Amino acid sequence: SCKHPNLTMPPRRKSPGSAASAPGPLEALLRDLPGDESGGRSATLGFSFQQWWATLSAVERLETQQDFAILSEFKEDVAILDSSEAPSSVEFCQVNKTERRGAWSLEELQRKGTKLKSGDGHEPSILAKLYRRKLEFKGHPTVLHFVSNVGVKLPNEKGSDANAGKTCLHTLTEEQQTKIKGHLGQQLGVVADEVDLSCVHVQRTNLPLGEQEIFVGGKLSDLSAAGKLPFRLAHTTIAAQMLASEIQRRASDTGYARSFEELKTRLLSRKQVVDILAEVAQLRPPVHNALDRG
């Protein structure tokens, strides 16, 4: 794995006879567009794996006092902002649940998708779809994550495949990076040398495929025991379910957000996460506990 990616953007090219203009505020890009996929924004009978991963991400970020906001089903499965009011950076996370036993290969992540209905070309690969967000948010610090419940096999220095837990593609050899950049450049119509892999990560999550509320509840219990929460949280499994329920409710919002202000109704801020946990912390013990003591 590598350290947090360098979010310093390369200098923008200047066109002849004109000065390069600075990008506008990030909020201007945080809105729905007609071409965005919205199939995931629908009510479901249970919580999806992606929504549980968003819940886990929100809980893990409570370890520090830094602000954040979680968005489910916006551009990608999960989007994470560094602020709920004035965001300056964004992380896009493609969360892939699979029943397969073996790990993903780098070739699979780069393989073109199904043929377009128009017959002209194919859908971009998994990696190209994810990197497209970097291009759409050009000029703003953007981090990309491919997340799965199984690992990704990446080549080591000798070219042999090795399982990766959490790895930045910028740590691969120059030759390996050149191949990936060429693939992305060809599919997305950009200059390969301008592709920035320092913002692209692949990782395996420890979130299980079942009983996720117990796993996330355990994380909450650790936070409470370590004094990371401003209150004592006893009913951690209930708290995990309530957080996931709120993330699901907001993800199911099918309204078309024309501005960041309208998009705010679909995000869950750090303060809102803490408020939900505080409500659970104030719950009275179940009646059977009182009967047992009697």
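For this structure, a couple of remarks:
- Scan of the range 249-279 for residues that are more than 15 Å from ALA69 (Cβ to Cβ) and free of Cβ contacts under 8 Å to residues at least 12 places away in the same chain, ordered by number: ARG249, GLY255
- Filtering the range 59-96 to residues that are assigned to a strand (DSSP E or B) and of a type in the set (Val, Ile, Thr) leaves ILE70, VAL78, ILE80, VAL90, VAL95.
- Test: residue in the range 161-172 that is farther than 16 Å from GLN94 by Cα and charged (D, E, K, R): yes
- Residue check, LYS138 open to solvent by 40 Å² or more (accessible area, probe 1.4 Å), in contact (Cβ under 8 Å) with a residue 60 or more places away in the chain, touching a Pro at 6+ places or on another chain (Cβ under 9 Å) and not β-branched (Val, Ile, Thr): yes
- Segments classed as helices (runs of 4 or more DSSP H), wholly inside the range 147-260, with at least 2 members that are acidic (Asp, Glu): 174-188, 212-225
- In summary, ASP161 fulfils each of the numbered conditions (1) farther than 28 Å from LEU30 by Cα; (2) open to solvent by 20 Å² or more (accessible area, probe 1.4 Å); (3) touching a helix residue (DSSP H, G or I) at 6+ places or on another chain (Cβ under 6 Å) with the single exception of condition (3).
- Of all the listed residues (LEU172, LEU267), the sole one being at pLDDT 95 or above and open to solvent by less than 30 Å² (accessible area, probe 1.4 Å) is LEU267.
The values are calculated or read from the model by the stated rules, or taken from the named source; none is laboratory data. This structure is a prediction, so every number in the text was calculated from the model and none was measured. Neighbour counts are summed over all protein chains in view; Cβ atoms, including those assigned to glycine, are modelled from backbone coordinates with ideal geometry. Each accessible area value is taken on the protein alone, full model and side chains, heavy atoms only, with ligands, DNA and RNA left out. Shrake-Rupley method; radii C 1.70, N 1.55, O 1.52, S 1.80 Å.
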